[in-house]
Amino acid sequence: MLGCADLEPYTTWDFPDQGAGTLRYGDASFNGVTPALCAVNLVRRYTRPGDIVVDPMAGSGTISDVARALGRRAVALDLVPHRKDIVRADARAWPLPNGVAGLAVVDSPYSDNIAYSDDPRCLGRISARSPRFYEEMGRVVAEAARVLRPGGVLAWIISDEYRGGVYTPVGFRLQAVLAERFDLVDTIALVRHNDRSASPMWEHRARRFNFFLRGFKFLFIARKPSRCRGGIFHGERVGADE
């Protein structure tokens, strides 16, 4: 069994490959796929074997694959499932009872830049410039607060947007939504790799027209308050078990 020495100790996580060593989880070709080692760090840090890990926007199933490999019980949900083991469900209405999960990992759209499906309910159809984007993401946050047990952790991956000469600070706006229901634990810079914009052509354009390419995503880690002391809620700490 591994100890904790291999867990990421800094607030910059850089995983050049989608897999975890020689192991592969999920589908690396899926748009915006979550790095498996990011999931490994989250699952090992914030859950114990047998805990329930929920991914309400499962995509290719990386989070649930990692959780099961580490001995956790995984619930993978998606509006348009790409695998038989992913349950069809809207991220704004999880088919789970209250207070059952130890960890929820959300790798969400950060605007309407990618067409994930033809379903009109898809959150990836809403522009991050619109207040509605944060209202709908707030509904996902509310479901996480309902399904997580007291002291449970919500990890949320999202990026800012720069499109058409307009910068939208999506991460900071979402962080404010998270803070309405959760205690913020930390913010990780998750380095982006294999993006379509990571090419000499886009690098040339960024220098010529004086703008910045997205080099990282935010990984927000937040904890559901668990108990009250003098009117202030405090979260329980769950460390890595291996």
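The values are calculated or read from the model by the stated rules, or taken from the named source; none is laboratory data. This structure is a prediction, so every number in the text was calculated from the model and none was measured. Glycine also receives a Cβ, built like all others from the backbone with ideal geometry; neighbour counts cover every protein chain displayed. Side chains are part of the model used for accessible areas, which takes the heavy atoms of the whole protein and leaves out ligands, DNA and RNA. Shrake-Rupley method; radii C 1.70, N 1.55, O 1.52, S 1.80 Å.
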Within segment 16-36, considering residues that are surrounded by 19 or more Cβ atoms within 10 Å (Cβ to Cβ) and part of a loop (DSSP other than H, G, I, E, B), the one modelled with the lowest pLDDT: 32
message: Looking only at segment 37-73, count every residue that is crowded, with 21+ Cβ neighbours inside 10 Å and in a strand (DSSP E or B) and tell me the total.
response: 3
message: Out of the residues in segment 98-138 meeting the condition of being among the hydrophobic types (A, V, I, L, M, F, W, C) and touching a strand residue (DSSP E or B) at 6+ places or on another chain (Cβ under 6 Å), tell me which one is most open to solvent (accessible area, probe 1.4 Å).
response: 100
field: segment 107-158: number of residues that are in a helix (DSSP H, G or I), in contact with a helix residue (DSSP H, G or I) (Cβ under 7 Å, 6 or more places away or on another chain) and among the acidic types (Asp, Glu)
entry: 1
- prompt: If you scan segment 159-169, which residues turn out to be under 15 Å from residue 130 (Cβ atoms) and either under 10 Å from the mean Cα position of the chain (by Cα) or assigned to a strand (DSSP E or B) (or both)?
  reply: 161, 163, 166, 168
- prompt: Quick one: which of 238, 177 is of a type in the set (Val, Ile, Thr), outside any strand (DSSP E or B), at pLDDT 95 or above and surrounded by 13 or more Cβ atoms within 10 Å (Cβ to Cβ)?
  reply: 177
From the options 116, 134, residue that is among the hydroxyl-bearing types (Ser, Thr, Tyr) and farther than 18 Å from residue 63 by Cβ: 134
